[in-house]
């Protein structure tokens, strides 16, 4: 927020009564309001832009020659969960700032599900004095599926209200349709309170269309980042909702949606970009929001449309356009300098007037602060995992099971059925048909439950993998074709207080600790990148060919993404918001009870 002293200092600099701190000379400025690119000077005082007038006649303490360079506003990620990067907020800076991202709109629902309001506050403290800002999307659904999962904490109406009152809060975080269509008063009250504070409510309307979507939108939901098809995008735009075009590690929606924009001649005014969930290795190899812009341009979207989606559109949507999203007087001096708009690769990045990234200088390293013990010890199994807890019993030579059928490069799945062999009274996996077992083990020390399912499309042929990030409850999720290997994986993750593990034939192949809430590493970005590369290599030893196996694993259990989810209670029918049995009648109909 601006102070009176800051405003007066800015005015004095603009009137020539005192020098500016810096001037970018002869820079090609991208003006997102006039939709022009033209050469001018850009004057900075403190955190803010003083002037973009080409003949301002001002003086500056530092002159930065910018011939051949183009200046665009700092890029904005309109929806993300930084916990999914596996990095602490500090280490994340070293990965996204060099890509030109200076603002992330973050829903901290992952740490909130683990550690509640206290966990969110801990993350906000760690965000202070970093070279990018986090705008808070206050988690609306902690837990995500009440009564259908076990979480470490809850955020009720009062906790949500306190967080909405924070200065850095810009919205109520993503709200899934079940909370609205089932008319749950607590969640409607959260929306009402956000709107009463003139803050928007984010959506999560995956798979919803027609009258259901109309009802959902009527509650006050402003956007959706879950569009998979162009038809879904069009319907949301017609209802006045923003569409946040997502490109994450496993959620690859950008190409289909941008091709839809071009084919239908749609306006981009209510479109923004987001990553949602993107691992560190993919950010480094592809990019962050700059990758979304570059890919959209390669697909044929006009450059100015793509840049606006990554800057001013997001700022307007979250009602912070008077502070960020453009290079205009009075706005914060978040500036990306690059050679070409056709392929944005930043050479310099300024955050609030400070140079925080220079491609010609040694890469900065943001130190990871020490985290308190309570947030580093959140995994408490009531007893060690054992092979028998993953057993599924059934009579006869075979059993028909309800199957989670993965869709490549998406987080949505199909509900299917499969006939599996029964050996010694236990239902077996079928690696030859790419059918593995998946389980979710409660990790908060509350009940020790284990939910079990079967999964097709993970391409795992031997051994097992486990991860302590399983959206959104974040119990330990494991996939495998051997019950003993699955148990070893879970125990290794618990011993590390969270993380990833791969076991083959009773032998630990690789592991990686994520002790901050069982979600994030305490190590630097290069160390995490190296560790994740080793984990992905270990995953390939199981036969898994997925491009981001651990990201995929983290989403399989999500109880709010159609058609099936899995929690420690069992299989979830997402659309009906209820538990369903694992075993089916031979006809494919559900049996009466889950084993």
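How would you order 289-302, 379-392 from highest to lowest mean count of nearby Cβ atoms within 10 Å?
The most tightly packed comes first, giving 289-302, 379-392.
How much of the DSSP bridge set in the stretch 74-324 is antiparallel, in percent, rounded to the nearest 5?
In the stretch 74-324, approximately 5 percent of DSSP beta bridges are antiparallel ones.
Using alpha carbon centroids, what distance separates the stretch 495-571 and the stretch 430-470, in Å?
One Cα centre to the other: 11 Å.
In what sequence, highest mean first, do 189-195, 424-430 appear when ranked by Cβ atoms within 10 angstrom? Before the final figure, lay out each step's value.
On the way: 189-195: 19.6, 424-430: 16.0.
Taking the mean over residues of other Cβ atoms within 10 Å, the ranking is 189-195, 424-430.
So what's the angle, to the nearest 10 degrees on a 0 to 90 scale, between helix 4-14 and the longest Cα principal axis of the chain?
Around 50 degrees separate the two axes.
With 10 angstrom as the radius, rank 454, 33 by how many other C-beta atoms surround their C-beta, starting from the fewest.
Fewest-to-most ranking of 454, 33: 33, 454.
Could you work out how much longer the chain between residue 299 and residue 359 gets when fully extended? Use 0.36 nm per residue separation minus the Cα distance between them, nm to one decimal.
Computed gain between residue 299 and residue 359 is 18.9 nm.
What is the Cα centroid distance between the stretch 318-347 and the stretch 176-247, reported in whole angstrom?
So the separation of the two Cα centres works out to 28 Å.
I need the P(r) histogram for the chain: all alpha carbon pairs, bin width 10 Å from 0 out to the longest distance, whole percents.
3, 17, 27, 25, 16, 7, 3, 1, 0
Taking neighbour Cβ counts within 10 Å as the exposure measure, how do 3, 209, 161, 102 sort from fewest upward?
3, 209, 161, 102
Taking the Cα atoms only, what angle lies between the long axis of helix 483-495 and the longest principal axis of the chain, rounded to 10 degrees?
Compared with the principal axis, the helix lies near 40 degrees.
Quick check on the chain: of the DSSP beta bridges with both residues there, what percent are antiparallel, nearest 5%?
Around 70 percent antiparallel, to the nearest 5.
Considering the zone a paramagnetic label at residue 398 would reach in this model (a point 7 Å from Cα along the Cα-to-Cβ line), which residues of the stretch 544-588 have amide N under 15 Å from it?
584-588
For a test of the definition: using alpha carbon positions, the gyration tensor, and the 1.5 limit on a/c, classify the stretch 348-409 as rounded, prolate or oblate. Before the final figure, lay out the partial values.
Numbers: a/c = 5.21, a/b = 2.15, b/c = 2.42.
Oblate, because a/c is 1.5 or more while a/b does not exceed b/c.
Helix 254-264 versus the longest principal axis of the chain: what angle, 0 to 90°, nearest 10, using Cα atoms?
The two axes meet at around 70 degrees.
For the stretch 197-283, what is the percent of antiparallel DSSP beta bridges, rounded to the nearest 5?
Just about 10 percent of them are antiparallel.
What is the gain in length, in nm to one decimal, between residue 62 and residue 578 on full extension, counting 0.36 nm per residue of separation less the C-alpha to C-alpha distance?
Contour length minus the Cα-Cα distance gives 179.5 nm.
Arrange the following residues from fewest to most other Cβ atoms within 10 Å of their Cβ: 308, 274, 578.
Ascending Cβ contact count within 10 Å gives the list 578, 308, 274.
Sorted by mean Cβ packing within 10 Å, highest first, what order do the peptides 552-561, 444-453 take? Don't skip to the end; give the middle numbers.
Details: 552-561: 26.0, 444-453: 19.1.
Those peptides, ordered most packed to least, come out 552-561, 444-453.
Just so you know, all these numbers are worked out from the coordinates, no wet-lab data involved. Treat the numbers as computed from the prediction; the structure is a model and nothing was measured. Every residue, glycine among them, receives a Cβ derived from its backbone with ideal geometry; neighbour counts consider all protein chains shown.
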